[in-house]
Number of protein chains: 2
Amino acid sequence: MPKNCNFIEKLREVGLRPTKQRIKMCEVLYNREKTFHFTINDLVKIISEKMNEKISLATVYNTVHAFEKKGYLKEISIDSHKSYFDTNTSAHHHFFDEDTHELIDCDESDIDKINIRKKITGKKINSVEVLVRVASDNQTQK
Amino acid sequence: MPKNCNFIEKLREVGLRPTKQRIKMCEVLYNREKTFHFTINDLVKIISEKMNEKISLATVYNTVHAFEKKGYLKEISIDSHKSYFDTNTSAHHHFFDEDTHELIDCDESDIDKINIRKKITGKKINSVEVLVRVASDNQTQK
DNA sequence: TCAATAGTTTAGAATTATTATAATGTAGAT
DNA sequence: ATCTACATTATAATAATTCTAAACTATTGA
Ligand SMILES: [Mn+2]
Ligand SMILES: [Mn+2]
Ligand SMILES: [Zn+2]
Ligand SMILES: [Zn+2]
């Protein structure tokens with residue numbers, strides 16, 4: 001989704017009513033330079049604290065899932081105890097910082113194309129994604 | 001963990017008391033030919049239905065986490081709505097069947113070694129795992 | 001313009017997964 | 001056999017998510 005633009009049109013295009021709440025969420029999610037990785041709680045905090053806008057938690061859940069269904073967001077499974085979402089909806093690889101619990105996108109060029117030799121009969125491959133878990137490299141530690 | 005063997009010794013070795021419940025769980029988890037992927041609910045069902053053994057849900061949670069901490073089990077994040085565990089505790093790749101929600105191990109030989117060109121300063125790589133999502137390949141479908 | 005309508009937001013209740021509590025039970029040591 | 005630390009259990013508590021039903025709003029078209 002392009003930045004600094006008419007989210008009303010974008011929402012209409014996919015058949016979502018451009019309500020105040022949805023437009024606000026678009027601003028938070030897509031008015032930025034880089035891919036944004038977040039949890040529902042992150043998003044609620046940003047809207048209520050940084051943007052000083054009252055929004056119901058249920059609406060954030062509803063809207064995030066509406067966006068997901070329409071292809072505006074992608075859910076990422078990294079940590080079974082937390083649900084992450086990603087404004088980059090293409091299949092791509094991630095670094096996951098186990099210290100900060102932060103997700104970082106991996107460029108195409110950072111990892112060679114992955115060749116899968118095994119076939120599962122009757123099944124087609126939908127996506128191939130790599131997760132690289134990293135953590136601080138203090139030799140002094142432990 | 002070897003199969004058909006003395007789980008009592010194994011448990012003692014890592015400092016877990018070999019209780020009735022833990023031995024039962026070892027039998028379910030490790031008396032099998034292949035890697036076992038399961039959810040807490042799968043495990044409770046197997047113990048109570050197939051093995052006809054009463055066990056408290058809290059004990060299954062406690063014991064799974066005790067095993068995880070001792071390196072007998074590994075948690076796998078695939079689907080943020082469900083927690084999967086794996087009796088194969090080494091870093092390895094998976095196929096995930098989106099139709100059946102089944103996890104399948106990938107052999108070393110099935111995927112070439114993955115070369116990560118990007119470095120994150122001050123961070124070391126803990127693991128590199130690939131998830132291949134597959135689904136039924138019916139041309140007739142949709 | 002302005003109701004009619006369908007879709008949306010909301011507060012709060014309900015549900016589900018997981019963890020905590022505290023009483024009871026048991027393994028391992030003496 | 002007794003003791004003690006640890007484990008199991010039923011149940012309560014918590015946390016994340018979804019449901020419900022009433023109030024609200026964007027859109028349509030008279
Ligand atoms: Mn979801
Ligand atoms: Mn866990
Ligand atoms: Zn991403
Ligand atoms: Zn596995």
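Every read-out reported here was derived from the displayed coordinates using simple, explicitly stated rules and does not represent laboratory data. Just so you know, these numbers come straight off a predicted model, no measurement behind them. Heads up, the Cβs are rebuilt from the backbone with ideal geometry, glycines too, and the neighbour counts pull from every protein chain shown.
Is it the case that some residue within segment B:107-125 is closer than 30 Å to A:HIS65 by Cα and touching a residue at least 12 places away in the same chain (Cβ under 8 Å)?
Step one: of segment B:107-125, the residues closer than 30 Å to A:HIS65 by Cα are none.
No: segment B:107-125 contains no residue that is closer than 30 Å to A:HIS65 by Cα and touching a residue at least 12 places away in the same chain (Cβ under 8 Å).
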- line: Of the conditions (1) within 16 Å of ligand 3 (Cβ to nearest atom); (2) touching a helix residue (DSSP H, G or I) at 6+ places or on another chain (Cβ under 6 Å), the single one that A:VAL134 does not satisfy is (2)
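Given the criteria under 22 Å from B:ALA135 (Cβ atoms), of a type outside the set (Ser, Thr, Tyr), at the interface with chain B (Cβ under 7 Å from one of its Cβ atoms) and exposed (fewer than 15 other Cβ atoms within 10 Å of the Cβ), does A:LYS123 qualify? Please lay out each step first, then the result.
Numbers: under 22 Å from B:ALA135 (Cβ atoms): yes; of a type outside the set (Ser, Thr, Tyr): yes; at the interface with chain B (Cβ under 7 Å from one of its Cβ atoms): yes; exposed (fewer than 15 other Cβ atoms within 10 Å of the Cβ): no.
Against the criterion (under 22 Å from B:ALA135 (Cβ atoms), of a type outside the set (Ser, Thr, Tyr), at the interface with chain B (Cβ under 7 Å from one of its Cβ atoms) and exposed (fewer than 15 other Cβ atoms within 10 Å of the Cβ)), A:LYS123 does not qualify.
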- prompt: Is there any pair with a first residue in segment A:58-83 that is within 9 Å of DNA strand D (Cβ to nearest atom) and a second that is not in a helix (DSSP H, G or I) whose Cβ atoms are under 6 Å apart and which are 6 or more apart or on different chains, and what are they?
  reply: A:LYS82/A:THR39; A:SER83/B:SER80
message: Here's a check for you: in segment B:16-32, which residue that is of a type in the set (A, V, I, L, M, F, W, C) and assigned to a helix (DSSP H, G or I) is surrounded by the most Cβ atoms within 10 Å (Cβ to Cβ)?
response: B:MET25
- request: Please find, among A:THR100, A:THR35, the residue that is closer than 23 Å to B:VAL128 by Cβ, of a type in the set (Ser, Thr, Tyr) and touching a residue at least 60 places away in the same chain (Cβ under 8 Å).
  value: A:THR35
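Which count do you get for residues in segment A:62-101 that are away from ligand 1 (no atom under 16 Å from the Cβ) and not acidic (Asp, Glu)? Before you say what the answer is, go through the steps one by one.
Of segment A:62-101, the ones away from ligand 1 (no atom under 16 Å from the Cβ) are A:88, A:90-101.
Next, only the ones that are not acidic (Asp, Glu) stay: A:88, A:90-96, A:100-101.
Of the residues in segment A:62-101, 10 are away from ligand 1 (no atom under 16 Å from the Cβ) and not acidic (Asp, Glu).
If you go through segment B:112-142, how many residues are part of a strand (DSSP E or B) and under 28 Å from A:THR100 (Cβ atoms)? Steps first, please.
Let us first name the residues in segment B:112-142 that are part of a strand (DSSP E or B), namely B:116, B:123-136.
Those still in the list that are under 28 Å from A:THR100 (Cβ atoms) too: B:116, B:123-133.
Qualifying residue count, segment B:112-142: 12.
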task: Just name the residue that is nearest to the other protein chains (Cβ to nearest Cβ) out of those in segment B:26-65 that are among the charged types (D, E, K, R) and away from DNA strand C (no atom under 13 Å from the Cβ).
output: B:LYS34
statement: Looking across segment B:111-120 at residues that are surrounded by 13 or more Cβ atoms within 10 Å (Cβ to Cβ) and out of contact with any His (no Cβ under 7 Å at 6 or more places or on another chain), the single one that is farthest from A:ASP107 (Cα to Cα) is B:ASP112
